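**Q** Structure provided below as structure tokens; questions to follow.
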Amino acid sequence: RRATVVARQITSTAVAGGREMITSMDELQRRLAAWAKYLDSFPDKMAQIQKAPMTFANVTQEADVVVVGFGMAGACAALEAADRGCTVLLLDRWEGGGSTQRSGGVVYSGGGTSLQKQAGIEDTVEEMFKYVKLEVDGALPDSVVRDFCMKSASNFEWLRDRVDFGPTGPITAAGKTSYPADSVALYQSGSEMAAPWCKHARPAPRGHRPAGLYLTGTTLFAGLEKAVRNHPRISVADHMKLTGLVTDPGVRGVRCRQLAAEAAGQHNLLHSVGSGAPMLAPDNSIVDRCFSCEAKLFSACGRDADVLARKGVILCTGGFAFNTTMVNKMASKYNGLCPLGNLGDDGSAMMACVRDVHAATAQMDRCSAWKFINPPTSFPCGILVDGSGNRIRNEDVYGASLADIIIQKHQGVAWLVLDDSMATRAMAEAKDKSNSLTPDQRITSLLNLFQNRQKEDTLEELAKACDMELESLRATVQHYNKNVAVGQDDFSKASDYLAPVATPPFMAVNMAVAGTFWKTPFLTLGGLQTDGSGQVLSDGGEPVPGLYAAGRAAVGICANYYVSGLSLGDCLFAGRRAGAAVAEK
């Protein structure tokens, strides 16, 4: 583990691309300059590494099960297979964590979990199924969706045995929020309380958040990593990049490029910089440079290594949001948005399966992007309109649902129209340090109120400032206010959010997904097509012998629509499912 220690020392410097909050433009410019300087110096750093003799960790050449990718899906797959008596070799391109470690850590679980019961929340498998089925919207067979819901509570108990979910305060959050306070362990993480979903299924909070401060993906992964590294039947090999599959017949193993121990620290630093850059850099140039440096590092400081699997290979290597070429080709509506996850989300392992065994993919054009407007709680009282001034939908839905309709049906352009009373309430909420807003929620609210908006005394002036059609905007506001006066709404928005847009001055918050003020984050949802056990299917629809997939490398529960926690909930479900299926071979 010496390389890990060195890497952590390196990544604690000014160059590192960590998740800590940037609090000033000076700090942002300093960070970007440090990254650029580091990448400029990379050839010299690599040359320095090559001067010393290369040493390589001993890697087991064969195991019952080979798992590729050490995030949540990979950890769950490895633990399940090992608990069933298999020897497992878990390979990772870096040193584990993946996008799980960089996430909010929320796991979507229900049907009567222990946390739900502690909070006095009544939830059933059937009600969960009715809601999740609407989000899946045909991307998977109903039998798989029902299996996910039936196993959800027991899967959460399995996870809770390994990860601390608290609670450290009140179990549930009051009202709707994009992310709960540090003390909260359970919250409404999707659109359960909004129309049309609430008309089909009884709402229940199902977003389970691990204990810890701010984003708790680190807590989630730490518990799983401890369980993996302490398991007597699991071996972990770091800095192993999959380059292809060993086939004869079916899948017999994986081909990798193994990195020398002396290069591990620089490799980790590339991962840190490349994973953190998209939110701060104006384009993908830093990410592209990190990929280029990584390729040179593996070429100059690596060696080929084949690893065989007696029972099967489970691919858990994430999606492809960081691969600009793949996004442009397969999900072009998301061009220019900010990839969320980590540098390993480049789709390379997924495409190796397509190349080597003609694996089938699906849902590759589906992504999740986010436009959260709650908190502040007064924002959903406003009217979400398109570029012409026509209303789009009810504003109280989950942030990814807002972004999805803006992207798919309105060319990525939208405005949230507020009146002065709504803006004033939002200002008070953002400035109130005694409430439960997280630092980023507070800052985002204030930036929307002061910078990312147009503000005018009349609707006529607002329409002109936003390049909207005045008659459309005026008609939209008048019709909305008329309905509000009698407690009605065309889109069935919850009554808590019904308020007239009537008091000047008026404000329009820019909700464009490709806005210049800040980037809209997104992740890819499509991947390898699998059957009900997680076995990968060929482009002819037949199972590929020896090959399984889970997490964002596969078409999963969140492959059509995403709500907070559904990706990690799917990683838990699909990872354990694949581990069990391979172990039984």
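**Q** Using a Cα-Cα cut-off of under 13 Å, which aspartates and glutamates could be cross-linked to residue 199, ignoring same-chain neighbours fewer than 8 residues away?
**A** Qualifying aspartates and glutamates at Cα under 13 Å: 127.
**Q** Based on alpha-carbon atoms only, what is the radius of gyration of the stretch 226-358 relative to the globular estimate 2.2 N^0.38 Å?
**A** Taking the Cα Rg and dividing by 2.2 N^0.38 Å, one obtains 1.14.
**Q** Can you give the angle from 0 to 90° between the axis of helix 420-431 and the longest principal axis of the chain, with both taken from C-alpha atoms, to the nearest 10?
**A** Between the helix axis and the principal axis of the chain, the angle is about 40 degrees.
**Q** Taking H as built 1.01 Å from N, whose amide H comes closer than 5 Å to the amide H of residue 252, not counting residues under 5 places away?
**A** Those qualifying (amide H under 5 Å, at least 5 residues apart or on another chain) are 246, 247.
**Q** Right, here's the next one. Be a star and scan the stretch 445-485 for residues whose amide nitrogen sits under 11 Å from the point 7 Å along the Cα-to-Cβ vector of residue 427.
**A** Only 449-450 pass the distance filter.
**Q** Please work out how much length the chain gains when fully extended from residue 52 to residue 248, using 0.36 nm per residue of separation minus the C-alpha to C-alpha distance, in nm with one decimal.
**A** My answer for the length gained is 66.8 nm.
**Q** When the accessible area of the stretch 243-333 is computed with all protein chains present and a 1.4 Å probe, what percentage of it is carbon and sulfur? It would help to have the intermediate numbers written out before the result.
**A** Working: 1620 of 3300 Å².
That fraction is 49 percent.
**Q** Same structure again: Between residue 168 and residue 199, what FRET efficiency follows from the Cβ-Cβ distance if R0 is 25 Å, with the result rounded to 0.05?
**A** Plugging the Cβ-Cβ distance into 1/(1 + (r/R0)^6) gives 0.10.
**Q** Return the sequence-ordered ³J(HN,Hα) values of the stretch 381-388 in whole Hz as given by the Karplus equation 6.51 cos²θ - 1.76 cosθ + 1.60 applied to θ = phi - 60°, using x for Gly and Pro.
**A** Per-residue couplings from phi come out as 6, x, 10, 8, 10, 8, x, 8 Hz.
**Q** Same structure, new question: May I ask which residue of 335, 254, 466 lies farthest towards the positive end of the charge dipole of the chain, with charges of +1 (Lys, Arg) and -1 (Asp, Glu) on Cβ and the Cα centre as origin?
**A** Value: 254.
**Q** Mind giving me the nanometre distance, one decimal, between the label points for residue 304 and residue 231, set 7 Å out from Cα along Cα→Cβ?
**A** Using points 7 Å along Cα→Cβ, the separation is 3.0 nm.
**Q** Okay, next question. Which log10 I(q)/I(0) values, to two decimals, does the stretch 296-357 give at q = 0.15, 0.18, 0.23 Å⁻¹ under the Debye formula with one point per Cα?
**A** -0.63, -0.84, -1.07
**Q** Here's something else I'd like to know. Mind checking the alpha-carbon convex hull of the stretch 80-168 and giving the volume per residue in Å³?
**A** So the per-residue hull volume is 151 Å³.
**Q** Rounded to the nearest 5, what % of the DSSP beta bridges within the chain are antiparallel ones?
**A** Roughly 65 percent of the DSSP beta bridges within the chain come out antiparallel.
**Q** Length gain on complete extension for the stretch residue 514 to residue 490, per 0.36 nm per residue less the alpha carbon to alpha carbon distance?
**A** Once the chain is fully extended between residue 514 and residue 490, it gains 5.8 nm.
**Q** Can you pull a Stokes-Einstein diffusion coefficient for the stretch 197-257 at 10 °C (1.306 mPa s), Rh from Kirkwood over Cα pairs, as a whole number of µm²/s?
**A** 98
**Q** Now for a different question. Students often forget the sequence filter, so: which lysines lie under 26 Å Cα-Cα from residue 464 once same-chain residues fewer than 8 apart are removed?
**A** Partners within reach: 371, 409, 455, 482, 519.
**Q** Sort the chain into rounded, prolate or oblate with this rule: let a ≥ b ≥ c be the square roots of the eigenvalues of the Cα gyration tensor; rounded if a/c is under 1.5, and if a/c is not under 1.5, prolate when a/b is larger than b/c, oblate otherwise.
**A** prolate
**Q** While we're on this one: Can you return the lysines within cross-link range of residue 311? Criterion is Cα-Cα under 29 Å, with same-chain partners fewer than 8 residues away left out.
**A** Correct list for residue 311: 151, 226, 241, 585.
**Q** Also, I was wondering about something else. Short version: ³J(HN,Hα) in whole Hz for each residue of the stretch 523-531, in order, from phi by Karplus 6.51 cos²θ - 1.76 cosθ + 1.60 (θ = phi - 60°), x for Gly and Pro, what are they?
**A** Taking θ as phi minus 60°, the curve returns 9, 8, 10, x, x, 5, 7, 10, 8 Hz for the stretch 523-531.
**Q** Going by average Cβ density within 10 Å per residue, which order do the peptides 126-134, 413-421 take, highest to lowest?
**A** 413-421, 126-134
**Q** Something else: Of 351, 25, which has the most accessible area with a 1.4 Å probe, and how do the rest follow in descending order?
**A** These residues rank, largest area first, as 25, 351.
**Q** What accessible surface, in Å², does a 1.4 Å probe find on residue 366, ignoring ligands, DNA and RNA and rounding to the nearest 10?
**A** That residue has around 30 Å² of solvent-accessible surface.
**Q** Can you give me the Cα centroid spacing of the stretch 44-122 and the stretch 383-456 in angstrom?
**A** One Cα centre to the other: 37 Å.
**Q** Moving to a separate point now. May I ask for the distance between the Cα centers of the stretch 209-234 and the stretch 342-364, given as a whole number of Å?
**A** 27
**Q** Taking Cα pairs under 8 Å and at least six residues apart, what relative contact order does the chain come out at, in percent?
**A** Reported relative contact order: 21 percent.
**Q** Could you derive backbone 3J(HN,Hα) for the stretch 341-353 from the dihedral phi with the Karplus parameters 6.51, -1.76 and 1.60 (θ = phi - 60°), listing whole Hz in sequence and x where the residue is Gly or Pro?
**A** x, 8, 4, x, 7, 10, x, 5, 5, 4, 5, 5, 5
**Q** So what is the relative contact order for the stretch 51-95, in percent, with contacts set as C-alpha pairs under 8 Å and at least six apart?
**A** Relative contact order comes out at 43 percent.
**Q** Under 8 Å for C-alpha pairs, at least 6 residues apart: give me the relative contact order for the stretch 274-387, rounded to a whole percent.
**A** 24
**Q** Quick check: the angle from helix 264-276's long axis to the longest principal axis of the chain, C-alpha only, nearest 10 degrees?
**A** It is inclined by approximately 20 degrees.
**Q** With every atom except the alpha carbons ignored, what do you get for Rg and Dmax of the stretch 98-239, in angstroms?
**A** Reported Rg and Dmax, both Å: 15.8, 49.
**Q** Show me the ranking of peptides 284-293, 487-496 by mean Cβ neighbours inside 10 Å, starting with the highest.
**A** Going by the mean number of other Cβ atoms within 10 Å, highest first, we get 284-293, 487-496.
**Q** Follow-up question, since we're still on this one. If I fit a long axis through the Cα atoms of helix 42-51 and take the longest principal axis of the Cα atoms of the chain, what angle between them do I get, 0 to 90°, rounded to 10?
**A** 20
**Q** When only the heavy atoms of the protein chains count and the probe is 1.4 Å, how do 388, 368 rank by accessible area, highest first?
**A** From most exposed to least exposed: 388, 368.
**Q** Once you place label points 7 Å from the Cα toward the Cβ at residue 388 and residue 118, how far apart are they in nm?
**A** If labels sit at residue 388 and residue 118, their model points lie 5.1 nm apart.
**Q** Roughly speaking, what is the stretch gain from residue 295 to residue 354, that is 0.36 nm per residue apart minus the C-alpha to C-alpha distance, in nm to one decimal?
**A** Length gained, residue 295 through residue 354: 19.1 nm.
**Q** Rank-order 28-34, 551-557, 343-349 by packing density, defined as the average count of other C-beta atoms within 10 Å over each peptide's residues, highest first.
**A** Packing order, densest peptide first, comes out as 551-557, 343-349, 28-34.
**Q** For 450, 298, give the ranking by accessible area with the largest first, probe 1.4 Å.
**A** These residues rank, largest area first, as 450, 298.
The values are calculated or read from the model by the stated rules, or taken from the named source; none is laboratory data. Remember, predicted model here, so these are calculated numbers, not experimental data. Positions of Cβ are backbone-derived with ideal geometry, glycine not excepted, and every protein chain shown enters the neighbour counts. Heads up: the accessible areas ignore ligands, DNA and RNA and are worked out on the full protein's heavy atoms, side chains in. Shrake-Rupley method; radii C 1.70, N 1.55, O 1.52, S 1.80 Å.
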